[in-house]
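Comments concern the structure below.
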Amino acid sequence: MSIRSLKRKFPKKDQPKTPFFVSIAGNIGVGKSMITTLIGEINGWQMFFEPVINNPYLEDYYKDMTRWSFHLQVYFLSQRFEVQKRIIDKPASAIQDRTIYEDVEIFAPVLHRRGCMDDRDYENYREVFRNMVSFLQPPDLIIYLQAQPETVMGRIQNRGRGCESDIPLDFLQDLHAAYEDWIERAPALCPVHIIDTEKVNLRDDDQAQVELLEMIREYHLEKHERQGG
């Protein structure tokens, strides 16, 4: 179904007026940016993407994770905190490619366990995050896109970003295990909806796209009604 057809099916005028904040979570290459774009364009929401194209550390990081992991994680944390500030300062419905919680729950611990971030840097990083927590606004909904490491490896290779060409499979496997652990705890923050992207083709399946948008609209309406809208 085209973007135009989906916009007709989900007109912006029918959205609840209460601002709604959705975050898309998931491993590298799972399809977060595509889903962020789909939801943002159809609903006319602010879209916040992970800083990849102009990231000053990413290329160096993939060449030498031990040297650059702390720098990259602090950069991501800073960028995502800035998104949080923008969402709080100007309340409006928004969709975010990767949550700030994934930095501290997934990537930093995995890098620490793999010996790419030493104890001193890891504890420093976690302390920075702890100091930010009181200023954070959890999403109203996290959508977790799930796929096996071998599947996301194939997707990474297909999209052909040069800096990602040498990502090892065992790194994706470690991230996947951390995601599977975290997603069981994530409902303490907000509602979580899991989509197995190996069974549900959100890129090409019109019905899957409609069901995704309907699910989000239902959560949005529930929030609106809770707040007396």
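Checking Ala177 against (1) more than 15 Å from the chain's Cα centre (by Cα); (2) within 30 Å of Asp89 (Cα to Cα); (3) of a type in the set (A, V, I, L, M), only one condition comes out false. Which one?
(2)
Specify which of the listed residues (Val152, Val110, Val104, Val133) is out of contact with any Cys (no Cβ under 7 Å at 6 or more places or on another chain), of a type in the set (A, V, I, L, M) and surrounded by fewer than 16 Cβ atoms within 10 Å (Cβ to Cβ).
Going through Val152, Val110, Val104, Val133 in turn, just one is out of contact with any Cys (no Cβ under 7 Å at 6 or more places or on another chain), of a type in the set (A, V, I, L, M) and surrounded by fewer than 16 Cβ atoms within 10 Å (Cβ to Cβ): Val133.
Find all pairs meeting these conditions: Cβ atoms under 6 angstrom apart; at least six residues apart or on different chains; first residue within segment 143-161 and within 19 Å of Ala186 (Cβ to Cβ); second residue among the hydroxyl-bearing types (Ser, Thr, Tyr).
Final answer for the pair search is Leu145/Thr197; Ala147/Thr197.
Filter segment 161-174 down to residues that are modelled with pLDDT of 85 or more, assigned to a helix (DSSP H, G or I) and surrounded by 11 or more Cβ atoms within 10 Å (Cβ to Cβ), then give me how many there are.
The number of residues fulfilling the criteria is 5.
Taking Gln96 as the residue in question, decide whether it is closer than 28 Å to Ile156 by Cβ, buried (at least 20 other Cβ atoms within 10 Å of the Cβ) and touching a residue at least 40 places away in the same chain (Cβ under 8 Å).
yes
In this structure, is Lys32 farther than 30 Å from Asp196 by Cβ and in contact (Cβ under 8 Å) with a residue 24 or more places away in the chain?
Spelling it out, it is not the case that Lys32 is farther than 30 Å from Asp196 by Cβ and in contact (Cβ under 8 Å) with a residue 24 or more places away in the chain.
Looking at the structure I just gave you, is Ile195 of a type in the set (A, V, I, L, M, F, W, C), surrounded by 18 or more Cβ atoms within 10 Å (Cβ to Cβ) and not in a helix (DSSP H, G or I)?
yes
Condition check: buried (at least 20 other Cβ atoms within 10 Å of the Cβ), modelled with pLDDT of 95 or more and among the hydrophobic types (A, V, I, L, M, F, W, C). Does Phe20 satisfy that?
yes
The values are calculated or read from the model by the stated rules, or taken from the named source; none is laboratory data. Note that the structure is predicted; figures quoted are calculated from it, not measured. Glycine also receives a Cβ, built like all others from the backbone with ideal geometry; neighbour counts cover every protein chain displayed.
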